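Accompanying notes for the structure given below.
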């Protein structure tokens, strides 16, 4: 009887997880990350399958600490799209009592976006501005969402979030939105250039959730 593909290649879930992270760790370059930063980078590389993205991840000073402190204080988490929320470990969020909200799913967004001639993501961010102070904002898709948030922060129309995970992906306004984020003093983690995406953004938050729970268990 022929050996099936599952018999040939598949492993138990725990072993897949262990080996995957061992491979990722071996692929990471020597780089002056802190242990927490390295853990974030590991999860991003694991989620994207792209070791080259490792040195493109940038952390503002104390961004990780501020994000973890916010999670330990049960802060709400706002994502730009459903794909980001789908990748977040909901069980960990529930354990830390951190609700997750998807901005784009709000009913009024599409109508307002058409009226204003802007993207749904930008409209969604505009509607959410009063709620974002001291929250964690996770952007893994739309650069217009990040640009809208930065414009609001620049004009004092929004309280500064505890952390901005700025990882939109694409070729139009993407690089510019992240460069604008990096030029500002707001607590943030971002991936430079056109890379990013929902998986990377969710992996970043999952790393912070894991660290927060590790510290809480001590």
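Here, each number is a calculation from the coordinates, and none is a lab measurement. Just so you know, these numbers come straight off a predicted model, no measurement behind them. Cβ: placed from backbone, ideal geometry, glycine included. Neighbour counts: every protein chain shown.
Potential lengthening of the chain between residue 86 and residue 118 amounts to 9.0 nm, from the contour at 0.36 nm per residue minus the alpha-carbon distance. Cβ crowding within 10 Å, taken as a proxy for footprinting-reagent exposure, orders 41, 102, 138 from fewest neighbours to most as 102, 41, 138. Multiplying each eigenvalue of the alpha-carbon gyration tensor of segment 174-218 by 5 and taking the square root yields semi-axes of 26, 14, 5 Å, largest first, rounded to whole angstroms.
Between residue 10 and residue 73, full extension at 0.36 nm per residue minus the direct alpha carbon distance yields a gain of 18.7 nm.
The long axis of helix 143-154 is offset from the longest Cα principal axis of the chain by roughly 50 degrees.
Each eigenvalue of the Cα gyration tensor of segment 49-119, multiplied by 5 and square-rooted, gives one semi-axis; in descending order these are 27, 19, 13 Å.
The fewest-to-most ranking of 103, 205 by surrounding Cβ atoms within 10 Å reads 103, 205.
Of all beta bridges that DSSP places with both ends in segment 9-217, some 20 percent have antiparallel geometry.
Here segment 104-218 is treated as a sphere whose radius is the Kirkwood value from Cα pairs; by Stokes-Einstein at 25 °C and 0.890 mPa s it diffuses with a coefficient of 169 µm²/s. Note on the chain: along the principal axes its Cα atoms extend 63, 42, 32 Å, ordered by decreasing extent. Exposure proxy for 55, 174: other Cβ atoms within 10 Å of each Cβ, ordered fewest to most, give 55, 174. The shape of segment 1-112 comes out oblate: with a ≥ b ≥ c from the C-alpha gyration tensor, a/c is at least 1.5 while a/b does not beat b/c. Classify segment 125-186 as rounded, prolate or oblate, taking a ≥ b ≥ c as the square roots of the eigenvalues of its Cα gyration tensor: rounded when a/c is under 1.5, otherwise prolate if a/b is larger than b/c and oblate if not. Note, shape of segment 125-186 comes out prolate. In segment 13-73, the C-alpha radius of gyration followed by the widest Cα-Cα span (Dmax) gives 12.7, 35 angstrom. Per-residue packing, averaged as other Cβ atoms within 10 Å, sorts the ranges 123-134, 76-87, 206-217, 23-34 into the order 76-87, 123-134, 206-217, 23-34, beginning with the highest. Which shape class applies to segment 48-176: rounded if a/c is under 1.5, otherwise prolate when a/b exceeds b/c and oblate if not, where a ≥ b ≥ c are the square roots of the Cα gyration tensor eigenvalues? Verdict is rounded for segment 48-176. When shorter helices are ignored and each DSSP H run of at least 4 residues is given -39500 (n - 2.57), the per-residue value for the chain at 222 nm works out to -16000 deg cm²/dmol.
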